[in-house]
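K.L.:
Shown below is the structure under consideration.
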Amino acid sequence: MIRGVIFDFDGTIIDTETAAYETFCEIFQEYRIELPVAKWRTRVGTAHPGFNPYDYLEQCIGKPVDREALMKRKAARHQEKTEQMEVLPGVEKLLAAAKHAGLKLGVASNSPKSWVESHLDRIRLLSYFDCICTGDQVEEVKPDPALYYLALEKLGISSGEAIAVEDSPSGALAAKRAGLFCVLVPNPMTAEAEFAEDIDLRLESLADFDLEKMMQQWKHKLK
């Protein structure tokens, strides 16, 4: 039976992923350079991306840039954008339904705890969660399953009793490696990405997810 739901944060609860891309696009436009979304997509959901936007910018313009200054501007602008963001469709509905059903709720995010908790508090969702597991609490982040193992331990449930909600290939891979049922809801940055074939359920929006129906289906499987 389902006893818990574990959410990714960035790109799943609020779309900070698109905000990050748009922020870099603004910087690139100052140099009249386009930042291809296909290249950016490889960065989403992983702490060890192969694509470095600063390297790419320098390659395009043929000279070094003041990275420290650009990083400060990027961080400030990204913060400004994300502070205006609302909860993605279906998230609060699922949280409320899960709480009503008596399920445990957790977050498993590569981002630092301060980032995740500050935004959850701002959008008034922090109180829903029984645990917040973040990248600064484990040695390896997604696609390693460590964050999911930690969340399962804190929630006191097994992998076969939990649903993961993810938006990126690395996040989905981490969830499946940990043995969870994975609901994939891509955002604009990950919609065209390549995902593993063992994704359990893919939705265009979390608003389309019927938790009650899913719980009934799991009950029938156990009979």
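The values are calculated or read from the model by the stated rules, or taken from the named source; none is laboratory data. From a predicted model like this one, the values you see are computed outputs, not experimental measurements. Cβ coordinates were reconstructed from backbone atoms using ideal geometry, including for glycine residues, and neighbour counts include every protein chain displayed.
For (1) touching a helix residue (DSSP H, G or I) at 6+ places or on another chain (Cβ under 8 Å); (2) closer than 30 Å to S159 by Cα, each residue gets a yes or a no:
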{"position": "I6", "(1), (2)": "yes, yes"}
{"position": "F9", "(1), (2)": "yes, yes"}
{"position": "I13", "(1), (2)": "yes, yes"}
{"position": "E26", "(1), (2)": "yes, no"}
{"position": "I33", "(1), (2)": "yes, no"}
{"position": "P53", "(1), (2)": "yes, no"}
{"position": "G62", "(1), (2)": "no, no"}
{"position": "K72", "(1), (2)": "no, no"}
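K.L.:
Of all residues in the range 1-45 being touching a Pro at 6+ places or on another chain (Cβ under 7 Å) and surrounded by 15 or more Cβ atoms within 10 Å (Cβ to Cβ), which is modelled with the lowest pLDDT?
P.N.:
Ranking the candidates gives G45 first.
K.L.:
Of all residues in the range 103-130, count the ones that are touching a helix residue (DSSP H, G or I) at 6+ places or on another chain (Cβ under 8 Å) and among the small types (G, A, S).
P.N.:
4
K.L.:
Is it the case that some residue within the range 118-132 is part of a strand (DSSP E or B) and free of Cβ contacts under 8 Å to residues at least 60 places away in the same chain?
P.N.:
Yes, some residue in the range 118-132 is part of a strand (DSSP E or B) and free of Cβ contacts under 8 Å to residues at least 60 places away in the same chain.
K.L.:
I'm checking my understanding of the structure. Among residues of the range 143-168 that are more than 9 Å from G4 (Cβ to Cβ) and small (G, A, S), which one is nearest to the chain's Cα centre (by Cα)?
P.N.:
By that ranking, first place goes to S168.
K.L.:
Among the residues of the range 79-86, are any touching a strand residue (DSSP E or B) at 6+ places or on another chain (Cβ under 9 Å), part of a loop (DSSP other than H, G, I, E, B), in contact (Cβ under 8 Å) with a residue 12 or more places away in the chain and of a type in the set (D, E)?
P.N.:
Among the residues of the range 79-86, at least one is touching a strand residue (DSSP E or B) at 6+ places or on another chain (Cβ under 9 Å), part of a loop (DSSP other than H, G, I, E, B), in contact (Cβ under 8 Å) with a residue 12 or more places away in the chain and of a type in the set (D, E), which makes the answer yes.
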